[in-house]
């Protein structure tokens, strides 16, 4: 990105976690996040810059929305975007209903997490009994989604070993149900 910006006569200065205090001399902030989490320094940096009136990509509101699976599920559904069938779980007693409605295997997720660390895949009824318990230490609400296998190809990126992922996903059409 820095090479492209240089070709366009835009000055780019990489900022590290230690440089957060010097944000006032910067006129705009672009944050290519490794993880879309809001519990790390990139969110705090974006929030500080945004509060100071600086243009920020990704802005803190977008970061919050992108990590909120309930918000995304409702937004995608209201725009007729196909998503995996989903059931919200308020407590462990909702799990049998989710299994009956979605079938097995299914994936149990916390509503505001990211990456695989926030997901548990259940393939048998015995496993599903433990999933809400292990996840519910972090949150009161969980999401259960029908597991849909996909073909994933992973290509290593040149910049610092980052990966580019191409994921062709097959999903059920949008139903408007949750």
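The values are calculated or read from the model by the stated rules, or taken from the named source; none is laboratory data. None of these values were measured; they are calculated from a predicted model. Methodologically, a virtual Cβ is constructed for each residue, glycine included, from the backbone with ideal geometry; neighbour enumeration extends over all protein chains shown.
Structure notes:
- Of all residues making up segment 63-92, the number that are more than 11 Å from the chain's Cα centre (by Cα), part of a helix (DSSP H, G or I) and more than 16 Å from residue 109 (Cα to Cα): 4
- Some residue of segment 44-54 being assigned by TED's automatic domain parsing to the domain that holds residue 16, within 25 Å of residue 119 (Cα to Cα) and under 16 Å from the mean Cα position of the chain (by Cα): no
- Considering 112, 39, the condition of being part of a loop (DSSP other than H, G, I, E, B), in the same structural domain as residue 148 (by TED's automatic domain parsing) and at pLDDT below 85 is satisfied by 112 alone.
- Residue 119, sole failed condition from (1) over 20 Å from residue 42 (Cβ atoms); (2) buried (at least 20 other Cβ atoms within 10 Å of the Cβ): (2)
- Segment 133-149, residues that are touching a strand residue (DSSP E or B) at 6+ places or on another chain (Cβ under 6 Å) and either assigned to a loop (DSSP other than H, G, I, E, B) or modelled with pLDDT under 80 (or both): 135, 147
- Residue in segment 7-20 that is under 21 Å from the mean Cα position of the chain (by Cα), in a helix (DSSP H, G or I), modelled with pLDDT of 80 or more and loosely packed, with under 14 Cβ neighbours inside 10 Å present: no
- Any hit, segment 57-77, residues being over 22 Å from residue 118 (Cβ atoms), free of Cβ contacts under 8 Å to residues at least 60 places away in the same chain and outside the structural domain of residue 140 (by TED's automatic domain parsing): yes
- Residue that is farthest from the chain's Cα centre (by Cα) [pool: residues in segment 21-36 that are part of a loop (DSSP other than H, G, I, E, B), at pLDDT 70 or above and surrounded by 13 or more Cβ atoms within 10 Å (Cβ to Cβ)]: 26
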